[in-house]
Ligand code: PMP
C-alpha cells in the first residue's frame, strides 16, 4: 500500500495513524464485539467516546466553561442560517465582513433573515487582502459581527481578530480551526465543518457562549436551535456517531503533536516552505498580500496557464493529488491542513522545482 500526498481542500487528508487505529477497531471496538458505528448513541460506550472528544477539544482550545461545544450535522453551510436564526435576538441587523466566496455565501444566507451591514469588503481588490481593523464600519446596534477567518478558496486568512466591543463576534473557522492557538473568549460563536482540520465530513462543530442561545427567531426548526442541542448534549436525535468517534481520534493525535501550539509550529514551517518556493521563482505566483496569506490553503498560478494540465498530470503521476484550483479561480491550490505532513510539502516543492526546470 502506498499512501499518496493529498492536498485536497476538503474532505481532506486525515492522519494516517488515526485511519490505522480506526481500521484496527473497525470490527470489534474495545472488545465489545461490534463496531462503534453499530452501537446506540445512547450507550455508555458511545457516550464516553462523545464526552472524551468534547473534553479533548476543550483542552486543545482552552475553551472557557461558559461556552457550549456542540457536535452537529448540516455542514458549515447550515450555520450560515443557524447563526442569524439564533443570534439575532430581536435585533434588526447583523454585520458581515466580506473577504471572498465563503463569507459571500454566509452574507447571502443571512440576508434572508436580517438586514446585513457590510462592514468592509476587499472585493475591489479581488480579495487579495483582509480589510484592516481601522476600515471596519461597525454598527453598535448589530446583533453580531460575522467574518470568515480563512477563505478556503481564495487562500486569504485574517492576521488579526476583529475588535467589536460589546457586539458578539462570530467566525466561520471551517478551514483554520485548530491550526494554531486562539483565544475563545474573544468570540461569541465559532463554527467549523469538520472535513478539513477536525475529522471526516458529516460533523460540524459549534462553540458558543451560553448567554447567546435560547432566543431564536420565530419559526426556527427544532433542529436549528442551539439551545435544544446544548440541553441534549448534541444528542437530541441520532448524531453522526462514526464522524464523532473519528474526530475524537484526531483530537488525541493533535495532543500527541503538542496540541495547537505544537501543530502551529509545524504549520508555520510548511507554509513558509511552500510560499518560499513560490516567491523564489518567476514561474509560480500567489497574489495574496503576504500578511494575509493562508497557512492552510495555498493557491498558486503558473506563468503559462497552458501548462496547467501537464502540471496536474505529472503531479498525479508523482503521487501528488488534488492540486487543481477551485473551479471559480483556476490555477492550482495546495491545501496543507494539520494532517498534511512536512514530507508531503517537501515532495510538492521538489516536484514544483523539477517541473519548472523541465517544462518551464
Ligand atoms: N465555510 C468555509 C470557509 C468552507 O471552506 C466551507 C467548505 N469548503 C464551507 C463554509 C461550507 O462547508 P460545508 O460543506 O461543510 O457546508
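The values are calculated or read from the model by the stated rules, or taken from the named source; none is laboratory data. Only a predicted model underlies this, so the values are computations on that prediction, with no experimental measurement involved. With ideal geometry, Cβ positions are generated from the backbone for all residues, glycine too; neighbour counts draw on all protein chains shown.
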Checklist entry - Is at least one residue of the stretch 103-111 away from the ligand (no atom under 16 Å from the Cβ) and closer than 24 Å to residue 227 by Cα? => result yes
Checklist entry - Checking residue 226 against (1) away from the ligand (no atom under 15 Å from the Cβ); (2) touching a strand residue (DSSP E or B) at 6+ places or on another chain (Cβ under 9 Å); (3) more than 16 Å from residue 73 (Cβ to Cβ), which test does it fail? => result (3)
Item to check | Single match in 96, 127 (criterion: touching a helix residue (DSSP H, G or I) at 6+ places or on another chain (Cβ under 9 Å) and outside any loop (DSSP other than H, G, I, E, B)) | outcome: 96
Item to check | Pairs, first over 16 Å from residue 349 (Cα atoms) in the stretch 312-327, second crowded, with 16+ Cβ neighbours inside 10 Å, C-beta under 6 Å, six or more apart | outcome: 325/299; 325/331; 325/332; 325/333; 326/153
Item to check | Residues (surrounded by fewer than 19 Cβ atoms within 10 Å (Cβ to Cβ) and touching a residue at least 60 places away in the same chain (Cβ under 8 Å)) located in the stretch 17-34 | outcome: 17, 21, 22
Item to check | the stretch 1-28: number of residues that are under 28 Å from residue 67 (Cβ atoms) and either more than 22 Å from the chain's Cα centre (by Cα) or not in a loop (DSSP other than H, G, I, E, B) (or both) | outcome: 1
Checklist entry - Does residue 40 fit the bill of being more than 28 Å from residue 262 (Cβ to Cβ), in contact with a helix residue (DSSP H, G or I) (Cβ under 7 Å, 6 or more places away or on another chain) and surrounded by fewer than 20 Cβ atoms within 10 Å (Cβ to Cβ)? => result yes
Checklist outcome for this item: Within the stretch 147-162, residues within 15 Å of the ligand (Cβ to nearest atom) and part of a loop (DSSP other than H, G, I, E, B) come out as 149, 152, 153, 154, 155, 158
Checklist entry - Hey, any hits in the stretch 185-194 for a residue that's surrounded by fewer than 18 Cβ atoms within 10 Å (Cβ to Cβ) and more than 16 Å from the ligand (Cβ to nearest atom)? => result yes
Checklist entry - Is it the case that some residue within the stretch 205-220 is within 15 Å of the ligand (Cβ to nearest atom), out of contact with any helix residue (DSSP H, G or I) (no Cβ under 9 Å at 6 or more places or on another chain) and under 20 Å from residue 254 (Cβ atoms)? => result no
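Yes/no matrix, rows are residues, columns are (1) under 17 Å from the mean Cα position of the chain (by Cα); (2) more than 17 Å from residue 197 (Cα to Cα); (3) outside the structural domain of residue 168 (by TED's automatic domain parsing); (4) assigned to a helix (DSSP H, G or I):
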site: 30; (1), (2), (3), (4): no, yes, no, yes
site: 34; (1), (2), (3), (4): no, yes, no, no
site: 37; (1), (2), (3), (4): no, yes, no, yes
site: 41; (1), (2), (3), (4): no, yes, no, no
site: 45; (1), (2), (3), (4): no, yes, no, yes
site: 51; (1), (2), (3), (4): no, yes, no, yes
site: 57; (1), (2), (3), (4): yes, no, no, yes
site: 60; (1), (2), (3), (4): yes, no, no, yes
site: 78; (1), (2), (3), (4): yes, yes, no, yes
Checklist entry - Hey, among the residues in the stretch 163-178 that are farther than 14 Å from residue 79 by Cβ and in contact with a strand residue (DSSP E or B) (Cβ under 8 Å, 6 or more places away or on another chain), which one's farthest from the ligand (Cβ to nearest atom)? => result 167
Checklist entry - List, please: which pairs have Cβ atoms under 8 Å, are six or more places apart or on different chains, and start with a residue in the stretch 214-230 that is without any contact (Cβ under 8 Å) to a residue 12 or more places away in the chain and end with one that is in a helix (DSSP H, G or I)? => result 228/222
Item to check | Matching entry among 207, 263, 198, 182 (being crowded, with 17+ Cβ neighbours inside 10 Å, part of a strand (DSSP E or B) and touching a residue at least 24 places away in the same chain (Cβ under 8 Å)) | outcome: 207
Next on the checklist: Condition (residue is part of a loop (DSSP other than H, G, I, E, B), touching a residue at least 40 places away in the same chain (Cβ under 8 Å) and more than 20 Å from residue 129 (Cα to Cα)) applied to the stretch 248-258: is it met by at least one residue?
Outcome noted: yes
Next on the checklist: Yes or no: the stretch 86-101 includes at least one residue that is closer than 19 Å to residue 148 by Cα, within 16 Å of the ligand (Cβ to nearest atom) and in contact (Cβ under 8 Å) with a residue 60 or more places away in the chain.
Outcome noted: yes
Checklist entry - When the residues of the stretch 62-76 are filtered to those that are on the phi > 0 side of the Ramachandran plot and assigned to a loop (DSSP other than H, G, I, E, B), which remaining residue is nearest to the ligand (Cβ to nearest atom)? => result 74
